[in-house]
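Student: Structure in structure tokens, see below.
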């Protein structure tokens, strides 16, 4: 993701908001109806001053009953115009509010779906809290613009154009003077509005910073409390909030000055022109009705300009929000399915074959450090291969390449004879089950957490997988059994229980290739024996790659591959490697001495 220094230069606010048009395009019919309602409401509004002119010039000049009939008629007409205005305004409000809610929901869905497709490299440089801020705060600003501000802008533009036209028809001289003055007024307003937009973008960025910090600390709350850092973290968050507040105040101050500038300049110009009109009536060059009509149209024009300046402030804030959301949508993952993916052959009875040839890879965030160097492994169907080595040897990196979280700079990985880069990501990952070292448990019940491995699985299948993973017994002891809510990130479970949930999830998926990354690391001795037997049963009929330090797992492997500094340094069985006296023998002496 682009850093602040790498971001492309901001486009103009209108151009930035124009990028939202694809989200509006599916709702052309409702936009058309809203536009019709807007034009009818604007026409009704513009008809009112003309009605007052007729009432003053004609209604009050007749005598007796004729005068009363004229007055009654004009008031009835004005009431009918008001009825049309009310219905059209309500229809416009409903249509544009619906559009605002609908488009906001579509943008949130599009951004979230796009973020889910990003590679791990994206999340190495992006805070989760910042993404959440964009999905909530920024989309709310866009909702305000689409659901209110755009409608207000169009309505006031129509009123501005119509009011100016009627002002010219009423008095071309006074209108010419007021137009010249308004042009002189609008220029500084537009220039000042650009500063409001820059401050709006900065304000949203500071809010995202605070959200990112809060999300990170809340996800690590046990560590924060264990190190008694609550006060320090509260102060850090308070500092971030104060920075956001200071930036927001600068934006509010600038917008307030913009509003003052707009109102004073616009109404000052109008008052001056109306003073000229009053002298024209006194001199007999205008009728009282004409002056009243001109005053009302001038008020409509002034109100429209004032409203447009207010809308401009909302648009500037939304432009900043849109810019941030469009940055997310513009992010392209380097990992994607090919345009014409190949299909995997039918699943073999004994699992999948893996061919890894001359892999060379470094992480995007660490381009100067090779994680894997000229790594080659052939794994036959049904084989269990243990991968051992010191921390940083590249074991987990190999698993990430198998899942195509990254692509290697050199070399290839073939699954059942097909290069995984030629497979659809869904097909590749559907064929692989993984139990990670850092277990993930979702904030749902136990049944749904296990069912995540195969969403269409029946309750009976879920329970069977839990029994295989030695999880059934402790789940049954939970207050509501399989319907028990496990808390965010599984906080209601022990580390070993969370790991058994993850193992059950992988077993339910029933893939031809199983990846176990320290799958028993968080288990006590008794649970490990239970899970070890379950894993041995699960390995039947499938290919398994195991990252492990536990002697029991390593000894039962068909082969052991020893890695160091991203290279394979030894290969063989447990007995062969111990006898060779190399790196594995040293690791075995340190880690498995008791065994």
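Student: Conditions first: (1) crowded, with 23+ Cβ neighbours inside 10 Å; (2) within 31 Å of the chain's Cα centre (by Cα); (3) part of a helix (DSSP H, G or I). Residue 515 passes all but one, so which condition is the exception?
Tutor: Of everything listed in (1) crowded, with 23+ Cβ neighbours inside 10 Å; (2) within 31 Å of the chain's Cα centre (by Cα); (3) part of a helix (DSSP H, G or I), residue 515 misses just condition (3).
Student: Can you go through 25, 66, 37, 91 and tell me which one is assigned by TED's automatic domain parsing to the domain that holds residue 161, modelled with pLDDT under 85 and farther than 30 Å from residue 286 by Cα?
Tutor: Only one candidate qualifies: 25.
Student: While we're here: Please enumerate the residues belonging to the range 116-149 that are in contact (Cβ under 8 Å) with a residue 24 or more places away in the chain, surrounded by fewer than 20 Cβ atoms within 10 Å (Cβ to Cβ) and within 24 Å of residue 425 (Cα to Cα).
Tutor: 117, 118, 119, 120, 121, 122, 124, 125, 126, 128
Student: Please go through the range 125-180 and pick out each residue that is outside any helix (DSSP H, G or I) and at pLDDT 80 or above.
Tutor: Matches in the range 125-180: 171 only.
Student: Still on this structure: Does the range 489-496 contain at least one residue that is in contact with a strand residue (DSSP E or B) (Cβ under 9 Å, 6 or more places away or on another chain) and over 27 Å from residue 542 (Cβ atoms)?
Tutor: Looking for residues that are in contact with a strand residue (DSSP E or B) (Cβ under 9 Å, 6 or more places away or on another chain) and over 27 Å from residue 542 (Cβ atoms), one finds at least one in the range 489-496, hence yes.
Student: Now a separate question. Taking the conditions exactly as written (surrounded by fewer than 21 Cβ atoms within 10 Å (Cβ to Cβ), at pLDDT 85 or above and in contact with a strand residue (DSSP E or B) (Cβ under 9 Å, 6 or more places away or on another chain)), does residue 340 satisfy them or not?
Tutor: So residue 340 fails the test.
Student: Now for a separate question. Could you tell me which residue of the range 438-467 is farthest from the chain's Cα centre (by Cα), considering only residues that are more than 13 Å from residue 506 (Cα to Cα) and not in a helix (DSSP H, G or I)?
Tutor: Among those residues, the one meeting the criterion is 458.
Student: Of all residues in the range 579-595, which are part of a helix (DSSP H, G or I), out of contact with any helix residue (DSSP H, G or I) (no Cβ under 7 Å at 6 or more places or on another chain) and modelled with pLDDT under 80?
Tutor: 587, 589, 590, 591
Student: Next up: Might you let me know whether the range 235-247 holds any residue that is surrounded by fewer than 16 Cβ atoms within 10 Å (Cβ to Cβ), modelled with pLDDT under 80, more than 30 Å from residue 54 (Cβ to Cβ) and under 40 Å from the mean Cα position of the chain (by Cα)?
Tutor: Checked against the condition, which is being surrounded by fewer than 16 Cβ atoms within 10 Å (Cβ to Cβ), modelled with pLDDT under 80, more than 30 Å from residue 54 (Cβ to Cβ) and under 40 Å from the mean Cα position of the chain (by Cα), the range 235-247 yields no hits at all.
Student: A further question follows. Quick check: anything in the range 345-352 at pLDDT 80 or above, closer than 30 Å to residue 405 by Cα, surrounded by 20 or more Cβ atoms within 10 Å (Cβ to Cβ) and not assigned by TED's automatic domain parsing to the domain that holds residue 46?
Tutor: For the range 345-352, residues at pLDDT 80 or above, closer than 30 Å to residue 405 by Cα, surrounded by 20 or more Cβ atoms within 10 Å (Cβ to Cβ) and not assigned by TED's automatic domain parsing to the domain that holds residue 46: present.
Student: Can you name the residue in the range 565-576 that is under 18 Å from residue 376 (Cβ atoms) and buried (at least 18 other Cβ atoms within 10 Å of the Cβ) and is also modelled with the lowest pLDDT among such residues?
Tutor: The qualifying residue modelled with the lowest pLDDT is 566.
Student: Same structure, new question: Among residues belonging to the range 468-480 that are surrounded by fewer than 18 Cβ atoms within 10 Å (Cβ to Cβ) and touching a residue at least 12 places away in the same chain (Cβ under 8 Å), point out the one that is farthest from the chain's Cα centre (by Cα).
Tutor: Among residues in the range 468-480 that are surrounded by fewer than 18 Cβ atoms within 10 Å (Cβ to Cβ) and touching a residue at least 12 places away in the same chain (Cβ under 8 Å), the one farthest from the chain's Cα centre (by Cα) is 474.
Student: Please find, within the range 353-371, the residue that is surrounded by the fewest Cβ atoms within 10 Å (Cβ to Cβ) out of those that are out of contact with any strand residue (DSSP E or B) (no Cβ under 6 Å at 6 or more places or on another chain) and closer than 23 Å to residue 515 by Cα.
Tutor: The residue in question is 363.
The values are calculated or read from the model by the stated rules, or taken from the named source; none is laboratory data. If you're wondering where the values come from, they're calculated on a predicted model, not measured in any experiment. Cβ atoms come from the backbone with ideal geometry, glycine included; neighbour counts cover every protein chain shown.
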